[in-house]
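Below: one structure, written as structure tokens.
The values are calculated or read from the model by the stated rules, or taken from the named source; none is laboratory data. Since the structure is predicted, the reported quantities are computational estimates derived from the model, not experimental observations. Every residue, glycine as well, gets a Cβ built from its backbone with ideal geometry; the counts of neighbours run over all protein chains shown.
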Amino acid sequence: MSDSAYIPPKVWTWDKENGGQFANINRPIAGPTHDKDLPVGAQPLQLYSLATPNGVKVTVMLEELLALGHTGAEYDAWLIDIGKGDQFGSGFVEVNPNSKIPAMMDHSVTPPQRIFESGAILLYLAEKFGALIPKDHAGRTECLSWLFWQMGSAPYLGGGFGHFYAYAPSKMEYPINRFAMETKRQLDVLDRQLGQHRFIAGDSYTIADIAIWAWYGNLVLGRQYGAGEFLDVASYTHVLAWATAIDARPAVIRGRKVNRNWGEPHEQLPERHSAADFDQP
């Protein structure tokens, strides 16, 4: 049946066989599917994640904090394989009832504090360590505006464009065109902003840059969905220059590797428990 002939039923029902590449992990109900405790290491912060764009935000943030000398940001990073459904284990659901990575436990406070949603984790860490967020009211407000811009915009890029362009069971013209248009509009928003400022929120590198780079930086650098030519990402020259500069930061290079279990061997560090792990062959 063609898309144009589809008529929504009066009451939607779940078709397990019609979910595309991620049918085995997508479902219309929440809660755990199996009992599994989460591991806890020796570091103050325990991260449970995968190196998707949302996961990379947090590992880059932690590596940047450590590079700034904040030893309290030492962390254990445990791999959550979402393709195998690790996010539905009982221990993970206790940390994030929404069953999405990343999720974190801060064991440096009593009782230990859970934090979920990548933007919330970035803000929590920025406030905890007093870093990578402006201290003046106007600067902080601008930074948070862009942080929340990313949280609201990226679903159109990932779940919208990325899903229908790269992962849907069949190519469909209308959703691909609709979300490609929105993705390009968002890139234009960023390109105009970066044409006037060195970083997203002004002259300083902040959590807004970390959050937006993980999605849009990797997109223009050719790492997302194989869609660089389709979206003509090279035409967003200010975004590309900004993304390239951030990509070269040592903390970003390290953060991209953490909780990654695909790609070239030198790009992978499925678990991270100390800085020495980066030196392993």
Among the residues of the range 232-281, the number that are of a type outside the set (D, E), without any contact (Cβ under 8 Å) to a residue 24 or more places away in the chain, within 18 Å of G41 (Cβ to Cβ) and assigned to a helix (DSSP H, G or I) is 1
If we ask which residues in the range 163-209 are over 21 Å from the mean Cα position of the chain (by Cα) and within 30 Å of N24 (Cβ to Cβ), their number turns out to be 10
Being assigned to a helix (DSSP H, G or I), more than 14 Å from H34 (Cα to Cα) and modelled with pLDDT under 95: is that true of G72 here? no
Among (1) modelled with pLDDT of 95 or more; (2) surrounded by fewer than 17 Cβ atoms within 10 Å (Cβ to Cβ); (3) not in a loop (DSSP other than H, G, I, E, B), L66 falls short only on (2)
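Here is a yes/no grid of residues against (1) touching a Phe, Trp or Tyr at 6+ places or on another chain (Cβ under 8 Å); (2) free of Cβ contacts under 8 Å to residues at least 60 places away in the same chain:
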{"site": "S49", "(1), (2)": "yes, no"}
{"site": "L62", "(1), (2)": "yes, no"}
{"site": "L66", "(1), (2)": "no, no"}
{"site": "G69", "(1), (2)": "no, yes"}
{"site": "I82", "(1), (2)": "no, yes"}
{"site": "G91", "(1), (2)": "no, yes"}
{"site": "S99", "(1), (2)": "yes, no"}
{"site": "A103", "(1), (2)": "yes, yes"}
{"site": "L122", "(1), (2)": "no, no"}
Taking the criterion of being assigned to a helix (DSSP H, G or I), under 17 Å from I210 (Cα atoms), touching a Gly at 6+ places or on another chain (Cβ under 7 Å) and not hydrophobic (A, V, I, L, M, F, W, C), would at least one residue in the range 85-104 satisfy it?
no
Of (1) assigned to a helix (DSSP H, G or I); (2) touching a residue at least 60 places away in the same chain (Cβ under 8 Å); (3) surrounded by fewer than 16 Cβ atoms within 10 Å (Cβ to Cβ), P169 satisfies every one except (1)
Restricting the range 215-231 to residues that are part of a loop (DSSP other than H, G, I, E, B) and not hydrophobic (A, V, I, L, M, F, W, C), the one surrounded by the fewest Cβ atoms within 10 Å (Cβ to Cβ) turns out to be G226
Per the list (1) out of contact with any Asp or Glu (no Cβ under 9 Å at 6 or more places or on another chain); (2) surrounded by 21 or more Cβ atoms within 10 Å (Cβ to Cβ), residue check on H266 breaks on (2)
Every listed condition ((1) surrounded by fewer than 18 Cβ atoms within 10 Å (Cβ to Cβ); (2) within 23 Å of Q224 (Cα to Cα); (3) touching a helix residue (DSSP H, G or I) at 6+ places or on another chain (Cβ under 6 Å)) holds for R114 save (2)
